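Visitor: One structure, as C-alpha cells, below. Some questions next.
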Amino acid sequence: MKTVIEPFRIKSVEPIRITTPAERERILREAGFNAFLIHADEVLIDLLTDSGTGAMSAAQWAGLQRGDESYAGSPSFYRFQERVQEVFGFKHILPTHQGRASERILFDLVGAPGRWVPNNTHFDTTRANVEHTGAVAVDIPCPETRRPAERHPFKGNLDVAALEALINKVGAENVPLVMVTVTNNSGGGQPVSLANLRAVRAVCDRHKLPLFLDACRFAENAYLIKQREPGMQDHPVREIVREMFNLADGATISAKKDGLVNTGGLLLLRDEKLFMQASNLLILTEGFVTYGGLAGRDLEAMACGFEEVLHEDYLAYRIRSVAYVGDALSAAGVPIVQPPGGHAVYIDAGALCPHIPASQFPGQAVVCGLYRKAGIRAVEIGSVMFGQAPPHATETQPAAPPRLELVRLAMPRRVYTQSHMDYVIEAAGELAKDPQSLRGLRIVHEPPVLRHFTARFEEV
Ligand SMILES: *Cc1c(COP(=O)(O)O)cnc(C)c1O
C-alpha cells in the first residue's frame, strides 16, 4: 500500500473552537499582533510549536499512574535512566524540567566573557543562555541553508571550513565546546548528516574540543539520515541514533519534542568532572539528581516516549505527514524552505512578501494573515526573533539582520489529522494568491531579551 496512515487510533478527543473573522480581528488587535499573546482557546489549529504539544500514548498515561514520587532514588528514575542509557549510550544522565534548564547548567559551567560557542544555528534559548554568560554564540550553517528554494538533503549541516577558520581566529583555548543542533530548528528543521557530524568530530579532535549535540529532534534527524544518506537505508533508526551520539561528548535535549512528553529534558555528559559540577548546579535550582525538577510520573512518561519515538512506523508517518503539507503548499504557490524538514514546514515570508522590508517584519505579517484568515497560529522565525542586538553586542558580533524571514508551521506530534492539514493548506494557498493584502508591522513595546515572546506591534 502507498498510503501512509496515522499509526494510531484516537480514544480521547479535545474539541476546538471555530471563531468568526470579526472575533479574530479583535483578538489579534488585543494581542498586539503577537501570536504568543493570543489565548490558546481562541486558536483553531495551533502550529505555534511542536514543543510539549504532542499527544501521549495509552502506555505513557499508564506510566503516570506507575510513577513513584520518592524524593531520592525513585524506581521511576532508575527505569528512566536505564532506558535513556540504552537509547543514547551515555553513562551520565541528568533529568531536567526542559531543554533550557540543561542549557543553563551546561553554559554556566563552560561559558564566560571572551569565549566563543560555534553551532550550526543556535536555537533562541540556546543563544540566550550562551550570551547570558558573556560568551559569544556564533552560527555557522552550511551555505545551502541560505538558499531556501534549493533542495539539498542535509541543509542542517554545519560549515566545517568556517568552524576551522573560527577556531584558528579566536584560538581553541577560547572555544569551550562545539555544538551541533539536530535537526537544525532555526535553520528550517533541516537534518544534519552523519558525514557532517564525523567531519565536525574530526575538527574537534584536532583541536581537542568537546562536541555537544542539541538533540531535541534526534529521532527525526536519524530517520532523515536513513532516508537520505547514501548507504543508510537498511540501518535501523535505533542504530543511527547510537552512531550520532557515539560521536558526541554530551548533549542537551528537550524531551518536549522527540521525548513525546509535555515537559522534561535531559543533560547527557561523558566527562565525570563536568557531570559532578552539573549535578551540583542541578540541585541548586532544579532538584535532586534523581528527579531534576520533574515528578516521578514525568520520568515514566519520558522513558516510554524515548522508546516510542524510535518506532519506524511512527517516524514514517511523522516525516511523511510534514512532507505532505510542504508539497501541497508548494503546489499552491506558497514559497517554502525546501525540502520540508522533520517537524515543521517553513514558509519563506521574504519571498512571499517582497513588498514588506525586513524592518517591517514580513514573517510577522504572514503570521497575522494566517490567524485572520483561518484561526491558524504559526510563529515568525526571522527579524523579530533574531534581529535584536545581543546584550553583549561587540564589533565582531553586531545586531545583523538575519538571513531569512521565515514562518514556521510546527506540527504537534500525533495531534492533528490530514483534514486539519488540508484546511491549513487551503488557508495559506489563499494568502499566497493575494500577498499584497498583508501589511508590515512596527514594534511598539519590546523587552531587552527574547523579544518575540512579549513584544507588541502595530500595523504600518
Ligand atoms: C526547544 C528547543 C530547545 C529548548 O528546549 P525547551 O524545552 O523549550 O527549554 C533548545 N534547542 C532546540 C533546537 C529546541 O528546539
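Visitor: Going by the conditions given, is R17 away from the ligand (no atom under 16 Å from the Cβ), closer than 24 Å to G369 by Cα, modelled with pLDDT under 95 and open to solvent by 60 Å² or more (accessible area, probe 1.4 Å)?
Guide: yes
Visitor: Still on this model: What are the residues in region 244-257 that are more than 16 Å from G156 (Cβ to Cβ) and part of a helix (DSSP H, G or I), if any?
Guide: F245, N246
Visitor: Could you say whether any residue in region 402-414 is at pLDDT 95 or above, basic (K, R), assigned to a loop (DSSP other than H, G, I, E, B) and under 24 Å from Q338 (Cβ atoms)?
Guide: Checked region 402-414: at least one residue is at pLDDT 95 or above, basic (K, R), assigned to a loop (DSSP other than H, G, I, E, B) and under 24 Å from Q338 (Cβ atoms).
Visitor: May I pose another question? Here are some conditions: (1) in a helix (DSSP H, G or I); (2) open to solvent by 60 Å² or more (accessible area, probe 1.4 Å). T3 meets all but one. Which one does it not meet?
Guide: (1)
Residue by residue, here is whether (1) closer than 27 Å to L370 by Cβ; (2) buried (at least 18 other Cβ atoms within 10 Å of the Cβ); (3) in the same structural domain as V334 (by TED's automatic domain parsing); (4) under 23 Å from the mean Cα position of the chain (by Cα) holds:
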{"position": "E42", "(1), (2), (3), (4)": "yes, yes, yes, no"}
{"position": "Q85", "(1), (2), (3), (4)": "no, no, no, yes"}
{"position": "K91", "(1), (2), (3), (4)": "no, no, no, no"}
{"position": "P95", "(1), (2), (3), (4)": "no, yes, no, yes"}
{"position": "F107", "(1), (2), (3), (4)": "no, yes, no, yes"}
{"position": "V110", "(1), (2), (3), (4)": "no, yes, no, yes"}
{"position": "N119", "(1), (2), (3), (4)": "no, yes, no, yes"}
{"position": "R146", "(1), (2), (3), (4)": "yes, no, no, yes"}
{"position": "R151", "(1), (2), (3), (4)": "yes, no, no, yes"}
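Visitor: From the list L438, L450, exactly one residue is over 26 Å from the mean Cα position of the chain (by Cα) and among the aliphatic types (A, V, I, L, M). Which is it?
Guide: None of the others qualify; the one that does is L438.
Visitor: Look through N262, N221, N246 and report the one residue that is open to solvent by 30 Å² or more (accessible area, probe 1.4 Å), more than 24 Å from F275 (Cα to Cα) and touching a Gly at 6+ places or on another chain (Cβ under 8 Å).
Guide: The conditions single out N262.
Visitor: Let me ask something else about it. Is it true that P141 is touching a Ser or Thr at 6+ places or on another chain (Cβ under 6 Å) and surrounded by 21 or more Cβ atoms within 10 Å (Cβ to Cβ)?
Guide: yes
Visitor: Still on this structure, I have one more. Just to be sure before I move on: is E23 surrounded by 14 or more Cβ atoms within 10 Å (Cβ to Cβ), acidic (D, E) and at pLDDT 95 or above in the structure I sent?
Guide: On the way: surrounded by 14 or more Cβ atoms within 10 Å (Cβ to Cβ): no; acidic (D, E): yes; at pLDDT 95 or above: yes.
No.
Visitor: Something else: In region 17-117, which helices (runs of 4 or more DSSP H) lie fully inside it and hold 2 or more residues that are closer than 20 Å to E308 by Cα?
Guide: Result: 58-66, 75-88.
Visitor: Are there any pairs with C-beta distances below 8 angstrom linking a residue in region 206-235 that is in contact (Cβ under 8 Å) with a residue 24 or more places away in the chain and outside the structural domain of K155 (by TED's automatic domain parsing) to a residue that is open to solvent by 20 Å² or more (accessible area, probe 1.4 Å) and not small (G, A, S), with the two at least 6 apart or on different chains, and if so which?
Guide: Note: no pairs meet the criteria.
Visitor: To continue, here is another question. From the list S102, S51, S74, exactly one residue is crowded, with 21+ Cβ neighbours inside 10 Å and either within 15 Å of I253 (Cα to Cα) or within 15 Å of the ligand (Cβ to nearest atom) (or both). Which is it?
Guide: S102
Visitor: I need the full set of residues from region 48-62 which are touching a strand residue (DSSP E or B) at 6+ places or on another chain (Cβ under 8 Å) and either charged (D, E, K, R) or more than 21 Å from I38 (Cβ to Cβ) (or both), in order please. Reasoning before the result, please.
Guide: Applying the first criterion (touching a strand residue (DSSP E or B) at 6+ places or on another chain (Cβ under 8 Å)) to region 48-62 yields 48-51, 53.
Result: D50, single match.
Visitor: Hey, any hits in region 246-263 for a residue that's more than 19 Å from the chain's Cα centre (by Cα) and free of Cβ contacts under 8 Å to residues at least 24 places away in the same chain?
Guide: No: region 246-263 contains no residue that is more than 19 Å from the chain's Cα centre (by Cα) and free of Cβ contacts under 8 Å to residues at least 24 places away in the same chain.
Visitor: Hey, can you tell me all the residues within region 111-121 that are out of contact with any Ser or Thr (no Cβ under 7 Å at 6 or more places or on another chain) and closer than 17 Å to L209 by Cβ?
Guide: Once the filter is applied, which keeps residues that are out of contact with any Ser or Thr (no Cβ under 7 Å at 6 or more places or on another chain) and closer than 17 Å to L209 by Cβ, region 111-121 yields G114, R115, W116, V117, P118.
Visitor: Could you count how many residues in region 171-220 are over 16 Å from S51 (Cβ atoms) and of a type in the set (S, T, N, Q)?
Guide: Step one: filter region 171-220 for residues over 16 Å from S51 (Cβ atoms), giving 171-180, 187-188, 190-213.
Then keep just the ones that are of a type in the set (S, T, N, Q); that gives 174, 190, 193, 196.
So the count comes out to 4.
Yes/no per residue for (1) open to solvent by less than 20 Å² (accessible area, probe 1.4 Å); (2) β-branched (V, I, T):
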position: Y346; (1), (2): yes, no
position: A351; (1), (2): no, no
position: P357; (1), (2): no, no
position: Q360; (1), (2): no, no
position: V366; (1), (2): yes, yes
position: Y371; (1), (2): yes, no
position: G375; (1), (2): yes, no
position: A378; (1), (2): yes, no
position: I381; (1), (2): yes, yes
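The values are calculated or read from the model by the stated rules, or taken from the named source; none is laboratory data. Values in this document were obtained by computation on a predicted structure and should not be read as measured data. So basically every Cβ, Gly included, is an ideal-geometry build from the backbone, and we count neighbours across all protein chains shown. Accessible surface is based on the protein model in full, side chains and every heavy atom, while ligands, DNA and RNA are left aside. Shrake-Rupley method; radii C 1.70, N 1.55, O 1.52, S 1.80 Å.
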